1. For the range 127-139, which positions are touching a strand residue (DSSP E or B) at 6+ places or on another chain (Cβ under 6 Å) and either outside any loop (DSSP other than H, G, I, E, B) or loosely packed, with under 14 Cβ neighbours inside 10 Å (or both)?
2. Quick one: is Ser78 among the hydroxyl-bearing types (Ser, Thr, Tyr) and under 21 Å from the mean Cα position of the chain (by Cα)?
3. Taking only the range 96-116 into account, find how many residues are part of a loop (DSSP other than H, G, I, E, B) and either of a type in the set (S, T, N, Q) or buried (at least 17 other Cβ atoms within 10 Å of the Cβ) (or both).
4. Which residues, taken from the range 53-85, are within 13 Å of ligand 2 (Cβ to nearest atom), outside any strand (DSSP E or B) and of a type in the set (Asp, Glu)?
Amino acid sequence: MRVDLIDKVPSGAIGTLWEGTKAIAAGFATTLKHVFRPPITEEYPEFRRVLPARTRARIVLTRDPDGGERCVACYLCSGVCPVSCISMQSAERTDGRRFAAWFRINFARCIYCGLCEEACPTSAIQLSPMFETCERDILTLVYEKEDLLVDHGGKDPDYNFYRHAGVVTAIGGKGGHIDEDPPVNVRSNMP
Ligand code: SF4
Ligand code: SF4
């Protein structure tokens with residue numbers, strides 16, 4: 001029935017008028033629908049909505065299930081950051097495990113794009129839903145490692161990079177980890 005009516009709509013100026021009238025009617029219908037709905041006003045900061053875990057706000061450095069620092073100071077987050085607001089210095093423990101001697105994020109420059117989290121192989125750097133980081137003194141927005149480190153695994157609490165990576169740790173020798181093939185002598189593979 002509706003198709004028949006549309007077929008009978010005249011072309012030219014009358015057709016344009018008809019289309020305009022239909023659009024106005026649709027707009028008023030939407031307005032009318034909302035007029036009778038109760039208003040929803042969230043009185044921030046008294047009312048704080050629980051934000052989803054995927055919210056991209058204040059960045060944290062997480063720990064693996066054993067409580068160790070996940071960051072291996074690979075510089076991937078720093079390299080991918082479009083505003084170059086991450087800097088660090090890598091260091092190595094006696095067992096070969098790398099860590100960040102210092103790690104710094106300048107939140108005055110961060111645009112919370114999440115690229116650092118995407119690039120991180122160890123799930124160390126994560127954006128959290130904590131968005132209340134506003135400061136009058138811009139220098140206080142420079143966070144050091146001790147400000148960024150948290151005592152949990154964030155969105156990925158069970159992940160432990162060193163249970164999969166091929167380095168010698170207390171968990172086992174090289175080639176003995178989950179998903180890891182034994183080391184290969186590259187010289188014996190030469191043609
Ligand atoms: S969220 Fe984006 S801008 Fe902020 S530190 Fe990560 S990569 Fe850089
Ligand atoms: S936070 Fe992740 S990506 Fe950045 S240096 Fe540490 S391990 Fe690498």
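1. Going through the range 127-139, the residues touching a strand residue (DSSP E or B) at 6+ places or on another chain (Cβ under 6 Å) turn out to be 127-128.
The one that is touching a strand residue (DSSP E or B) at 6+ places or on another chain (Cβ under 6 Å) and either outside any loop (DSSP other than H, G, I, E, B) or loosely packed, with under 14 Cβ neighbours inside 10 Å (or both): Leu127.
2. On the way: among the hydroxyl-bearing types (Ser, Thr, Tyr): yes; under 21 Å from the mean Cα position of the chain (by Cα): yes.
Spelling it out, Ser78 is indeed among the hydroxyl-bearing types (Ser, Thr, Tyr) and under 21 Å from the mean Cα position of the chain (by Cα).
3. Of the range 96-116, the ones part of a loop (DSSP other than H, G, I, E, B) are 96-97, 107-114.
Within this subset, residues satisfying the condition of being either of a type in the set (S, T, N, Q) or buried (at least 17 other Cβ atoms within 10 Å of the Cβ) (or both) are 97, 107, 110.
Of the residues in the range 96-116, 3 are part of a loop (DSSP other than H, G, I, E, B) and either of a type in the set (S, T, N, Q) or buried (at least 17 other Cβ atoms within 10 Å of the Cβ) (or both).
4. As a first pass, look at the range 53-85 and keep what is within 13 Å of ligand 2 (Cβ to nearest atom): 59-64, 68-81, 85.
Then drop every residue that is not outside any strand (DSSP E or B), which leaves 62, 64, 68, 70-81, 85.
Hit for the range 53-85 is Asp64, nothing else.
Results for (1) at pLDDT 90 or above; (2) touching a Phe, Trp or Tyr at 6+ places or on another chain (Cβ under 9 Å); (3) exposed (fewer than 10 other Cβ atoms within 10 Å of the Cβ); (4) not assigned by TED's automatic domain parsing to the domain that holds Ile111, shown as yes or no for each residue.
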residue	(1), (2), (3), (4)
Lys8	no, no, yes, yes
Ala13	no, no, yes, yes
Lys22	yes, no, no, yes
Glu42	no, no, yes, yes
Pro52	yes, no, yes, yes
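The values are calculated or read from the model by the stated rules, or taken from the named source; none is laboratory data. Source: prediction; values computed, not measured. Note that each Cβ is placed from the backbone with ideal geometry, even for glycine, and that neighbours are counted across all protein chains shown.
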